[in-house]
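**Student:** There's a structure below that I have some questions on.
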Amino acid sequence: MHSGEIPPEKLQLIYEHSKNKPPLSQHERDDLEKEWCTLAENREELRLWRNGKIHSVSVDYYDPYIIIMAKKLHHEMVAQEFMKSARLIGQVLGHLDQYVGDEFLEYRLRKLIEKGIFEVKGNLKAMRFYSVRLVNF
């Protein structure tokens, strides 16, 4: 999903394969510059890769999915107890088709807590120190 997942051996192959290729044409450079200017002017905080293009979406784009995954985890639990926030964030992260960092997902979880969608137990110092559950489950 991102270049950080590519092993060094594969990066070396990519480099060797592409080093004899011509650089970008002026038309390609102009297109990329135009795309960058459009992205730089956009004030949305989250961008996704869809159908070969970058799309800007609202910062709360994944909030409904976080809630859906929380409901799924609640159903898997014997009792509707609190679940570790790291467990919920890991579940969401593991099912996304985009690369989104766990820090971003925790930020969104905290916003959902602030809105009263989740209740919290523990210390919000770090995700491993608190648990959550949906308020109206």
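**Student:** I'd like to compare 113-124, 47-58: which one has the highest average count of other Cβ atoms within 10 Å, and what's the full order after that? Intermediate results must be reported in sequence, preceding the final value.
**Tutor:** On the way: 113-124: 13.6, 47-58: 11.2.
Top to bottom by mean Cβ count within 10 Å: 113-124, 47-58.
**Student:** Can you return the lysines within cross-link range of LYS10? Criterion is Cα-Cα under 25 Å, with same-chain partners fewer than 8 residues away left out.
**Tutor:** Straight-distance partners of LYS10: LYS19, LYS21, LYS53.
**Student:** Then there is this: Sort 16-29, 60-73, 89-102 by packing, meaning the average of other beta carbons within 10 Å per residue, with the highest value first.
**Tutor:** 60-73, 89-102, 16-29
**Student:** When a/c is below 1.5 the answer is rounded, else prolate if a/b is larger than b/c, else oblate, so apply that to the stretch 11-108 with a ≥ b ≥ c taken from the square roots of the Cα gyration tensor eigenvalues.
**Tutor:** prolate
**Student:** Another question, then. How much accessible area per residue does the chain have, counting only protein heavy atoms and a probe of 1.4 Å, in square angstrom? Intermediate results must be reported in sequence, preceding the final value.
**Tutor:** Values: 9820 Å² over 137 residues.
Computed with neighbouring chains in place, this is 72 Å² per residue.
**Student:** Straight distance only, please: which lysines reach the Cα of LYS84 with their own Cα at less than 25 Å, same-chain residues fewer than 8 apart left out?
**Tutor:** Within the straight-line cut-off, LYS84 pairs with LYS71, LYS72, LYS111, LYS115, LYS121, LYS125.
**Student:** Only Cα pairs under 8 Å and at least 6 apart count here; give the relative contact order of the chain as a rounded whole percent. Intermediate results must be reported in sequence, preceding the final value.
**Tutor:** Working: 112 pairs, mean separation 27.5, N = 137.
Rounded, it is 20 percent for the chain.
**Student:** Which order do you get for MET83, MET77 if you rank them by accessible area with a 1.4 Å probe, largest at the top?
**Tutor:** Heavy-atom accessible area, descending, gives MET77, MET83.
**Student:** Separation of the stretch 52-75 and the stretch 31-48 by C-alpha centroid, Å?
**Tutor:** So the separation of the two Cα centres works out to 22 Å.
**Student:** What percentage of the solvent-accessible surface of the chain, computed with a 1.4 Å probe over protein heavy atoms, is contributed by carbon and sulfur atoms? Walk me through the numbers before you get to the answer.
**Tutor:** Values: 5300 of 9820 Å².
So the carbon and sulfur contribution to the accessible surface is 54 percent.
The values are calculated or read from the model by the stated rules, or taken from the named source; none is laboratory data. From a predicted model like this one, the values you see are computed outputs, not experimental measurements. When we count neighbours, we look across all protein chains shown, and the Cβ atoms used for this are built from the backbone with ideal geometry, even at glycine. Areas reflect the complete protein model, heavy atoms only, side chains present, ligands, DNA and RNA absent. Shrake-Rupley method; radii C 1.70, N 1.55, O 1.52, S 1.80 Å.
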